[in-house]
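Below is one structure; the comments refer to it alone.
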Amino acid sequence: MKCLNADEVLKQMTILNPLWKLSTNAIERKFVFTDFNNAFSFMTKVAVIADKLNHHPEWINNYNTVIIKLNTHDLGCLTELDFIFAREIDLLE
């Protein structure tokens, strides 16, 4: 797996839901649900995808809000896997 260059990252960003934002060497998105149970249910579904891809997110949950941050930690950059994971998450909506 290789780090994506700036042009590759920008190309991948055009494929994602526009709610995904670039941050330093990562992409992140905020999800807001009606209550904690829905937020936790969503996190459970994301966890299944994470295990399938063997790629795990950095995330924060506060009651009905989930913030997911993706990057390839061992390389310290964005890779194709981060964008695959984000697209899988987008399918959960």
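Things to note:
- Only helices reaching 20 angstrom along their own axis (Cα) with mean Kyte-Doolittle hydropathy no lower than 0.5 count here, and for the DSSP H runs of the chain these are 36-53.
- Rounded accessible area of Cys3 (nearest 10 Å², 1.4 Å probe): 60
- When all protein chains stay in place and ligands, DNA and RNA are ignored, the 1.4 Å accessible-area order of Lys69, Lys2, largest first, is Lys2, Lys69.
- Which of Met13, Met1 is most accessible, then next, and so on - probe 1.4 Å: Met1, Met13
- Nearby aspartates and glutamates by direct alpha-carbon distance to Lys2 (threshold 18 angstrom, same-chain neighbours under 8 apart not counted): Asp74, Glu80, Asp82
- A Cβ-based charge dipole, computed about the Cα centre of the chain with Lys and Arg at +1 and Asp and Glu at -1, lands at about 100 debye.
- Using just its DSSP H runs of length 4 or more, each adding -39500 (n - 2.57), the chain gives a mean residue ellipticity at 222 nm of -12500 deg cm²/dmol after division by all residues.
- Carbon + sulfur, % of accessible area of the chain - ligands and nucleic acids excluded, 1.4 Å: 56
- Å² of accessible area per residue within the chain, as computed with a 1.4 Å probe and no ligands counted: 60
The values are calculated or read from the model by the stated rules, or taken from the named source; none is laboratory data. The shown structure was predicted, so the numbers you read here are calculated from the model rather than taken from an experiment. Positions of Cβ are generated from backbone atoms using ideal geometry, with glycine treated the same way; all protein chains shown enter the neighbour counts. The area values use the complete protein model at the heavy-atom level, side chains included, leaving out ligands, DNA and RNA. Shrake-Rupley method; radii C 1.70, N 1.55, O 1.52, S 1.80 Å.
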